[in-house]
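Heads up: the structure comes next, in structure tokens.
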Amino acid sequence: MRIGLYPGTFDPPTLGHLDIIRRSAVLVDRLVIGIAINRDKGPLFSLEERVAMVETECAGLARETGIEIVAHPFENLLIDCARDVGASIIIRGLRAVADFEYEFQMVGMNRRLDDGVETVFLMAEAQHQAIASKLVKEIARLGGNVAPFVTPAVKAALDARYPGRRGQSGRGGEAPPGR
């Protein structure tokens with residue numbers, strides 16, 4: 001059985017994440033979504049909320065693809081997480097050249113730690129290349145529309161986290177001067 005691990009913080013999961021998950025499902029027999037605890041990033045959503053969002057968003061994909069997709073929180077080294085879940089493949093999504101430079105270093109270190117685990121890169125589809133969880137959170141915080149970047153359920157979670165921000169210009173709801 002070929003097991004793949006797709007790690008990230010998923011704070012929140014975006015359409016870009018779901019695109020990589022959908023495309024990863026054809027490469028493996030079981031796909032583990034490694035949800036990093038990573039306290040240094042100061043996540044907006046708790047680990048439990050992120051796990052629940054990933055499980056909800058992946059349930060339909062699992063049925064659609066016939067592949068087992070599971071959420072697995074982790075706080076250890078990525079390579080140790082891969083060993084823990086029996087993954088022989090780490091799947092990473094790339095949006096831009098800057099992502100590749102960082103990921104290239106990570107692959108080198110992971111190969112030194114365990115050369116039995118391969119890393120596979122999937123390029124984000126063009127319509128998802130600009131989507132980053134950090135930017136989605138910023139747009140939501142400032143009252144912008146995140147609907148093009150996340151599922152309706154994730155949008156609702158963001159709206160609940162930032163109540164009263166919908167439709168505001170960031171200036172107390174007033175239109176900018178001169179407009």
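The values are calculated or read from the model by the stated rules, or taken from the named source; none is laboratory data. Treat the numbers as computed from the prediction; the structure is a model and nothing was measured. Please note: Cβ atoms are built from the backbone with ideal geometry, for glycine as well, and neighbour counts cover all protein chains shown.
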- Check the range 82-100 and report whether any residue there is surrounded by fewer than 17 Cβ atoms within 10 Å (Cβ to Cβ), part of a strand (DSSP E or B) and of a type in the set (D, E, K, R). no
- Message: I'm told R63 meets every condition in (1) touching a Leu at 6+ places or on another chain (Cβ under 8 Å); (2) assigned to a helix (DSSP H, G or I) except one. Can you identify the failing condition by its number?
- Response: (1)
- Note on the structure: For N110, the lone unmet condition from (1) assigned to a helix (DSSP H, G or I); (2) closer than 29 Å to R30 by Cβ; (3) at pLDDT 90 or above; (4) within 19 Å of the chain's Cα centre (by Cα) is (4)
- Item | Members of the range 63-77 that are among the aliphatic types (A, V, I, L, M), crowded, with 16+ Cβ neighbours inside 10 Å and either modelled with pLDDT under 95 or more than 17 Å from the chain's Cα centre (by Cα) (or both) | I67
- Task: Give the range 1-53 a look and list any residue that's among the hydrophobic types (A, V, I, L, M, F, W, C), assigned to a helix (DSSP H, G or I) and in contact (Cβ under 8 Å) with a residue 40 or more places away in the chain, or say none.
- Result: L15, L18, I20, I21, M53
- Item | Considering residues of the range 128-147 that are touching a residue at least 40 places away in the same chain (Cβ under 8 Å) and either surrounded by fewer than 15 Cβ atoms within 10 Å (Cβ to Cβ) or not in a helix (DSSP H, G or I) (or both) only, the residue nearest to the chain's Cα centre (by Cα) | A132
- Message: For the range 149-167: of the residues being assigned to a loop (DSSP other than H, G, I, E, B) and in contact with a Leu (Cβ under 8 Å, 6 or more places away or on another chain), which is modelled with the lowest pLDDT?
- Response: R165
- Does S46 satisfy being surrounded by fewer than 15 Cβ atoms within 10 Å (Cβ to Cβ) and small (G, A, S)? yes
- Query: If you check A124 against the conditions, is it buried (at least 18 other Cβ atoms within 10 Å of the Cβ), without any contact (Cβ under 8 Å) to a residue 60 or more places away in the chain and closer than 14 Å to I21 by Cβ?
  - Reply: no
